[in-house]
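A short write-up of the structure that comes next.
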Amino acid sequence: MIKKHHYSKNKYCKCGKLISDCATRCKSCSHKKPRDEIINKKLLNQLYWDKKYPLKTIGKILNLNSTTVFYWMKKLGIPRRKGNQMQKGLFGELSQAWKSGRLNKNGYIIVYRPNHPFASKSGYILEHRLVIEKHIKRYLTKKEIIHHINGIRTDNRIKNLVITNKNKHEKHTLIKIFQERIKYLELKIWKANN
């Protein structure tokens, strides 16, 4: 049985089934809901003027691109904000530059977690630290370093990560450098003999 509190009134498809507010198609017959039911002046005014969301964020909310949102705002007669009316400093998912919260910094993956105690000022933390913390069920100290066993900084599987300290980490890194140098020299000698 369909729970009616998830749906608003008079959102019925031609087949007689209810269509949710956020859906663009009927689940049973795939009939497309008219655009004017998806986008309405009240909703756009609320998102654009009351919440001061940028067009890109409104597009993400409505499952549209920002150009389509701009087209509908123009069609419905919603005025654009002036420079002094724009909201500055949107962070996280509300930001126009939001890229799913995962970035690559110096070869490491950083994740947006603003509430983490060791997050940077911008709210990011190294993903491999989060993976280990989740596994050991406690926060890491600042002295604890995570070593990637295979040397691939983006490989954050738990079996590839080891907790270590600064001295041991340097030892792991030096051993890896020496092993690679030995392989290189052995290859050079083998080529010279053949």
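Sort 135, 148 so that the residue with the fewest other Cβ atoms within 10 Å of its own Cβ comes first and the one with the most comes last.
Numbers: 135 11, 148 18.
Result, fewest neighbours first: 135, 148.
Pop a pseudo-label 7 angstrom from the Cα along the beta-carbon direction at both residue 142 and residue 108 and give the gap in nm to one decimal.
It is 1.4 nm.
Note down the magnitude of the dipole of region 39-82 about its Cα centre, charges +1 on Lys and Arg C-beta and -1 on Asp and Glu C-beta and zero elsewhere, to the nearest 20 debye.
Result for region 39-82 is approximately 160 debye, rounded to the nearest 20.
Tell me, 178, 70 in order of fewest to most beta-carbon neighbours within 10 Å?
By the 10 Å Cβ count, ascending: 178, 70.
Kindly put 184, 48, 71 in sequence by how many other C-beta atoms sit within 10 Å of each C-beta, fewest to most.
Fewest to most other Cβ atoms nearby, the residues stand as 184, 71, 48.
Under a point spin-label approximation (7 Å from Cα along Cα-to-Cβ), what is the residue 175-residue 121 distance to one decimal in nm?
Using points 7 Å along Cα→Cβ, the separation is 3.8 nm.
A 20 angstrom limit on the alpha carbon distance is what I want to check against. Which of 105/159; 143/168; 121/166; 56/82; 121/142 exceed it?
105/159; 121/166
No value in this document is a laboratory result; all are computed from the given coordinates. Note that this is a predicted model, so its numbers are computed, not measured. In this analysis, Cβ positions are derived from the backbone assuming ideal geometry, glycine residues included, and neighbour counts consider all displayed protein chains.
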